[in-house]
Amino acid sequence: MAQGLSDLSSALALRLRDLARLLDRLDRLESGTGEWLTTHTQADMQDAALDMTLRALRLAADPTNFSILTYLASRSTATMADLEKASGLGRLSLNERLNDLIQVGLAGRNIDTDQAQLTGGGAALVELIESISEATAKKLAEGLKPATR
């Protein structure tokens, strides 16, 4: 597996692991049985992995979200004010989009400093999408060359 795909799958797996641990913790509270995680099957994990992968791809494929990801990819960290200017979104809309990206592990946010960062998974997905785009443009250019006789 290419390093970028390995980084992305690792990031998505870590996000799912954190969510599973949270659900397990909630299940162990007084109202739960504490059995949820022990009854979680391999098929359940595969379903969750597919769902998380598709969610990440869908979110990254949105042009506005992708511009946020590429902006974050070009710097180590960005303030919310900088992201507002770069994206053209208002504070509320930007926060919702960033929260969506955080939910699937493509971005992170430090509330104390009001800054956002790209995660390893986000960087890998940006790189993958840019590679596909470049290869597509190259194939298109080749396909549009005039035929010689």
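Worth a mention:
- Criterion applied to Gly105, Gly143 was being touching a Lys or Arg at 6+ places or on another chain (Cβ under 6 Å), of a type outside the set (Lys, Arg) and more than 19 Å from Asp82 (Cα to Cα), and the one residue passing it is Gly105.
- Count - residues of region 82-93 that are free of Cβ contacts under 8 Å to residues at least 24 places away in the same chain and either touching a helix residue (DSSP H, G or I) at 6+ places or on another chain (Cβ under 8 Å) or closer than 18 Å to Asn110 by Cβ (or both): 6
- Subset of region 94-122 that is among the charged types (D, E, K, R) and touching a helix residue (DSSP H, G or I) at 6+ places or on another chain (Cβ under 9 Å) - its residue that is farthest from Leu8 (Cα to Cα): Asp114
- Test: residue in region 16-29 that is farther than 28 Å from Thr119 by Cα and either surrounded by 13 or more Cβ atoms within 10 Å (Cβ to Cβ) or touching a strand residue (DSSP E or B) at 6+ places or on another chain (Cβ under 9 Å) (or both): yes
- Test result for Asp24, of a type in the set (Asp, Glu), out of contact with any helix residue (DSSP H, G or I) (no Cβ under 9 Å at 6 or more places or on another chain), farther than 23 Å from Ile111 by Cβ and modelled with pLDDT under 95: no
The values are calculated or read from the model by the stated rules, or taken from the named source; none is laboratory data. Since the model is a prediction, treat every value here as computed from it, not as a measurement. Reconstructed Cβ throughout: ideal geometry from the backbone, glycine too, with neighbour counts over all protein chains shown.
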